[in-house]
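*Asks:* This structure is in structure tokens; I'll ask about it shortly.
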Amino acid sequence: MAGWGLFFVSLLNYKTEKYVIAENRKIGILFRLYQLAVLGYIIGWVFAVRKGYQEREEAVQTSVITKLKGVTLTNSSQTGLHLWSAEDYVIPPNGEQVFFIVTNYIETPNQRLGFCAESFKVPNGRCQSDDDCVEGEAVIAGHGIKTGLCLNSTGTCEIHAWCPVEHSKRPREPLLSEAENFTIYIKNFIRFPKFEFSKSNVLETSDESYLKGCSFDRESHLYCPIFRLGDLVSWTGHDFQDMASMGGSVGILIEWNCDLDKDSSRCNPEYSFTRLDINLNNSVTSGYNFRYARYFKDQNGETFRTLYKVYGIRFDIMINGQAGKFNIVPTIIAIGSGVALLGAGAFACDMILLYMMNTSSFYRDKKFEIINFKKDRTKPKDGRTGHREKRSRKPAADKEAGNSTNKPEETDATLESQLPEDKRGPTVPRNTGQRYSAILSSQGAEPKHHITFSSHN
């Protein structure tokens, strides 16, 4: 219990810093290097690079409008000549942030609802007898519903579907190879609501012919967002014709990094382009394709359709942005964190100096000191009595000297004995036959004692 009592009493003590200059070059050099490193981090990284004095906003509000232009002519043995315009090869055609451009296709014209053989490419549609074709069962990954008959001529089940089923192969060369010269117009608006700042990637000009004749260039026409499709693909590091044959996916990233402490003209869009789909050496996972159909009616009112399996390039436009502007709050926080780091360096150096060196005990004795005012004010220093004893004894000594009736010789001896040892003269024994005489000064009212020594011959 006594230990707990001392512990609780010690909680009422107050600790204050005591500054001790330790002439230790190793610790001094280590501490200065640490201070330089912290200052370099705060000034170079926090303020210069990361702009820690700014208030930042990354929740950018954005809108994207796209528009494609270009026409091309294809010639198919089944359908003949076909003119493709933006309304035909852009899906969807309303100019969204994600769109698809047809570059190659397989066409299956004049499909009508009826009964026909399943494709031999479909494993679940193959058969050897009617038992393999369960009536009413859908062909897995196939084109229709089984009728219960196995067609020996094809080795597949008969199905109820849009006939004939797709059977053509993908053309090795893209049918819309001229799509390389199509142009795409990407209009982007951004806004940072916290700072009430808005901007667009289109040049603000009253010249109506500017956008009709310009093309994007990072140096001369940064604010002309009209891109050639062939250039977009080449900037990803791939060839347009190779990608157009099987299809692919391209990402267009527009970044806005705006320092609003500077002029708004310094806030410019930065474009980057990359291929998003996996291209594993022309494996089956490469490319991008899907199917869609166009429906018609004949003179008798019967519906028929043309099925397209299209290959092409999917474009994903992604917008990122952040803005910063000076604010006193993040500035104070950055400076405060730097001061805290400096304090951590001092703490680390203290730990090394006081606990991790051979001379740590010496430094600990110099740094830590326990002070009690009540005890220290009456404590003798250098073997002498305290202040109270000095004040109490001095008047008593004077009084005793005034009332003393001792002879001058005795008084001299008494005073001599009271002197410190280092201030006393030589001790002369009285039994040596020396004679003492005191000669009073003829002028002085105050007696002065002169001591002479003579010997008896």
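The values are calculated or read from the model by the stated rules, or taken from the named source; none is laboratory data. The structure presented is a predicted model; accordingly, all values stated were derived computationally and were not measured. FYI the Cβ positions are ideal-geometry reconstructions off the backbone, even for glycines, and counts take in every protein chain you see. Ligands, DNA and RNA are excluded from the accessible area calculation, which covers all protein heavy atoms including side chains. Shrake-Rupley method; radii C 1.70, N 1.55, O 1.52, S 1.80 Å.
*Asks:* What accessible area per residue, rounded to a whole number of Å², is obtained for the range 164-268 using a probe radius of 1.4 Å? Mind dumping the intermediate values first?
*Replies:* Details: 5490 Å² over 105 residues.
For the range 164-268, the solvent-accessible area averages 52 Å² per residue.
*Asks:* Counting other Cβ atoms within 10 Å, keep those with at most 12, restrict to DSSP loop, and tell me which GluC sites (Glu not before Pro) in the range 213-321 are left.
*Replies:* On the way: sites: 219, 255, 270, 302; in loops: 219, 302.
Those that pass, being in a loop and sparsely packed, are 219, 302.
*Asks:* Taking the full set of protein chains and a 1.4 angstrom probe, give the accessible area of residue 116 in square angstrom, rounded to the nearest 10.
*Replies:* For residue 116, the solvent-accessible surface is approximately 30 Å².
*Asks:* Sorted by packing (mean other beta-carbon atoms within 10 Å per residue), highest first, where do 333-341, 65-73 land? Kindly include the intermediate steps, with their values, before the conclusion.
*Replies:* Working: 333-341: 13.8, 65-73: 15.8.
Per-residue mean Cβ counts within 10 Å order the peptides as 65-73, 333-341.
*Asks:* Here is a follow-up. About the Cα centre of the range 215-262, how large is the charge dipole given +1 on each Lys and Arg Cβ and -1 on each Asp and Glu Cβ? Please answer in debye to the nearest 20.
*Replies:* Values: 3 positive and 8 negative charges, 26 e Å.
Dipole of the range 215-262, to the nearest 20 debye: 120 debye.
*Asks:* Related question: With the contact rule set at Cα under 8 Å and sequence spacing of 6 or more, what percent relative contact order holds for the range 180-292? Each step should come with its number before you reach the end.
*Replies:* Values: 149 pairs, mean separation 23.8, N = 113.
Relative contact order comes out at 21 percent.
*Asks:* May I ask which residue of 70, 8, 104 lies farthest towards the positive end of the charge dipole of the range 1-130, with charges of +1 (Lys, Arg) and -1 (Asp, Glu) on Cβ and the Cα centre as origin?
*Replies:* Of the candidates, 8 comes out farthest on the positive side.
*Asks:* Here is a follow-up. With a 1.4 Å probe and all protein chains left in place, how much of the accessible area of the range 292-380 comes from carbon and sulfur atoms, in whole percent? Show your work: numbers first, answer last.
*Replies:* On the way: 3530 of 5930 Å².
Accessible surface attributable to carbon and sulfur in the range 292-380 totals 60 percent.
*Asks:* How much of residue 198 can a 1.4 Å solvent probe reach, expressed as accessible area in Å² and rounded to 10?
*Replies:* 70 Å²
*Asks:* Quick one: ranking 207, 365, 259 by accessible area, 1.4 Å probe, largest first, what do you get? Provide the component values of the computation, followed by the final result.
*Replies:* Details: 207 80, 365 115, 259 35 Å².
From most exposed to least exposed: 365, 207, 259.
*Asks:* Run the dipole for the range 139-245 about the Cα centre, Lys and Arg Cβ at +1, Asp and Glu Cβ at -1, nothing else charged, and hand back the magnitude in debye, nearest 20.
*Replies:* Values: 11 positive and 14 negative charges, 92 e Å.
Once rounded to the nearest 20, the dipole reads 440 debye.
*Asks:* How much length is gained on full extension from residue 73 to residue 58, taking 0.36 nm per residue of separation minus their Cα-Cα distance? Each step should come with its number before you reach the end.
*Replies:* On the way: separation 15, 0.36 × 15 = 5.40 nm, distance 4.54 nm.
Contour length minus the Cα-Cα distance gives 0.9 nm.
*Asks:* How big is the dipole moment of the range 73-190 about its Cα centre under a simple scheme where the beta carbon of each Lys and Arg is +1, that of each Asp and Glu is -1, and everything else is neutral? Debye, nearest 20, please.
*Replies:* Values: 8 positive and 15 negative charges, 51 e Å.
It comes to approximately 240 debye.
*Asks:* Using only the alpha carbons, work out the radius of gyration and Dmax of the range 71-218 in angstrom.
*Replies:* 24.6, 75
*Asks:* Relative to the present Cα-Cα distance, how much length would full extension add between residue 8 and residue 340 at 0.36 nm per residue of separation? Intermediate values should be presented prior to the final figure.
*Replies:* Details: separation 332, 0.36 × 332 = 119.52 nm, distance 3.04 nm.
Extra length available between residue 8 and residue 340 comes to 116.5 nm.
*Asks:* If you don't mind, there's one more thing I want to ask. Want the number for residue 128 to residue 278: 0.36 nm per residue separation, take away the alpha-carbon distance, what's left?
*Replies:* Working: separation 150, 0.36 × 150 = 54.00 nm, distance 3.85 nm.
The span from residue 128 to residue 278 would gain 50.1 nm if fully extended.
*Asks:* Tell me the trypsin sites (Lys or Arg not before Pro) within the range 217-282 that lie in a loop according to DSSP and have at most 15 other beta-carbon atoms within 10 Å. It would help to have the intermediate numbers written out before the result.
*Replies:* Values: sites: 218, 228, 262, 266, 275; in loops: 218, 262.
Answer in residue order: 218, 262.
*Asks:* Do any chymotrypsin sites (Phe, Trp or Tyr not before Pro) in the range 275-368 lie in a loop, going by DSSP, with at most 12 other beta-carbon atoms within 10 Å of their beta carbon, and if so which?
*Replies:* In loop regions of the range 275-368 (DSSP not H, G, I, E or B), the sparsely surrounded chymotrypsin sites (Phe, Trp or Tyr not before Pro) are 368.
*Asks:* If 261, 88 are ordered by their accessible area, calculated over protein heavy atoms with a 1.4 Å probe, which sequence runs from highest to lowest?
*Replies:* Working: 261 75, 88 40 Å².
Largest accessible area first, the residues go 261, 88.
*Asks:* Another question about this same structure. Sticking with the crude label model, points 7 Å out along Cα→Cβ, report the distance from residue 316 to residue 170 in nm, one decimal please.
*Replies:* In this crude label model, residue 316 to residue 170 measures out at 2.0 nm.
*Asks:* Run the paramagnetic zone check for residue 33: 7 angstrom along Cα to Cβ, then residues of the range 322-363 with backbone nitrogen under 20 Å.
*Replies:* 341-359
*Asks:* Then there's this: At R0 = 56 Å, how high is the FRET efficiency between residue 291 and residue 263 if r is their beta carbon distance? Nearest 0.05 is fine.
*Replies:* Details: r = 52 Å, r/R0 = 0.92.
Efficiency for this residue pair is about 0.60.
*Asks:* Taking a 24 Å limit on the Cα-Cα distance, which of the listed pairs 51/187; 212/262; 69/297; 51/199 fall beyond it? Could the numbers behind the result be given before it?
*Replies:* On the way: 51/187 30 Å; 212/262 32 Å; 69/297 30 Å; 51/199 22 Å.
The answer is 51/187; 212/262; 69/297.
*Asks:* For residue 82, what accessible surface area do you get with a 1.4 Å probe? Give it in Å², rounded to 10.
*Replies:* Around 50 Å² of this residue is reachable by solvent.
*Asks:* Let me ask you something else. Pop the C-beta distance of residue 137 and residue 309 into the FRET formula with R0 = 25 Å and round what comes out to the nearest 0.05. It would help to have the intermediate numbers written out before the result.
*Replies:* Details: r = 25 Å, r/R0 = 0.99.
Between residue 137 and residue 309 the formula returns 0.50.
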